[in-house]
1. Of the residues that sit in segment 94-126 and are modelled with pLDDT under 95 and of a type in the set (G, A, S), which one is surrounded by the most Cβ atoms within 10 Å (Cβ to Cβ)?
2. From S110, S13, S86, which residue is hydroxyl-bearing (S, T, Y) and in a loop (DSSP other than H, G, I, E, B)?
3. Test of understanding: among A31, A73, A23, which residue is outside any loop (DSSP other than H, G, I, E, B), at pLDDT 95 or above and surrounded by 10 or more Cβ atoms within 10 Å (Cβ to Cβ)?
4. Given the residues I79, I47, I100, which is the only one that is at negative phi, touching a residue at least 24 places away in the same chain (Cβ under 8 Å), hydrophobic (A, V, I, L, M, F, W, C) and assigned to a helix (DSSP H, G or I)?
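The values are calculated or read from the model by the stated rules, or taken from the named source; none is laboratory data. Here the structure is a predicted model, which means the values were calculated and not measured. Quick reminder, even Gly has a Cβ in these numbers, built from the backbone with ideal geometry, and neighbours come from all protein chains shown.
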Amino acid sequence: MARYVPPKQGKASQLFDVIVLLAMTFGALYAPLYMGLAGGSKTVPEIVDPTWESLGQNATQVAQYQALGLDPATAAPIILARYDYSFSWLALAVMFVVVIGYYVMMLRFSDREYREVIAEKFGEGPGERAGRARR
């Protein structure tokens, strides 16, 4: 039996694949931030002339903030930040559609590629020819 030799991919195709994967990765990481769906707090109350006591910090916490080089005025937005725990059914539905769509697409592509590799390695049998004719 002949040894299977996979098809070769050119350098330009490999470079294109890397660029597309990087773009998709950065897009997946930054799109929620640009759309306002992710990130830290949504509301930060302002305090005029904050002190460590008015921010509710104890001596240990104060020491840690000072070790980071923060004073009460610069630490106030970090300490007072409150998260928005609102929920969007539309965002959940879109997420489900995207994840399920991706899963179905990968199954179809994988099935097609799997069949091509089996046909290359072992040749097409009578069942494969009949199955291909029905598709």
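1. Per the criteria, the residue is A119.
2. Details: S110 fails: in a loop (DSSP other than H, G, I, E, B); S13 fails: in a loop (DSSP other than H, G, I, E, B).
Selected residue: S86, the only one of S110, S13, S86 that is hydroxyl-bearing (S, T, Y) and in a loop (DSSP other than H, G, I, E, B).
3. Details: A31 fails: at pLDDT 95 or above; A73 fails: at pLDDT 95 or above.
That would be A23, the only listed residue that is outside any loop (DSSP other than H, G, I, E, B), at pLDDT 95 or above and surrounded by 10 or more Cβ atoms within 10 Å (Cβ to Cβ).
4. Numbers: I47 fails: assigned to a helix (DSSP H, G or I); I100 fails: touching a residue at least 24 places away in the same chain (Cβ under 8 Å).
On inspection, the qualifying residue turns out to be I79.
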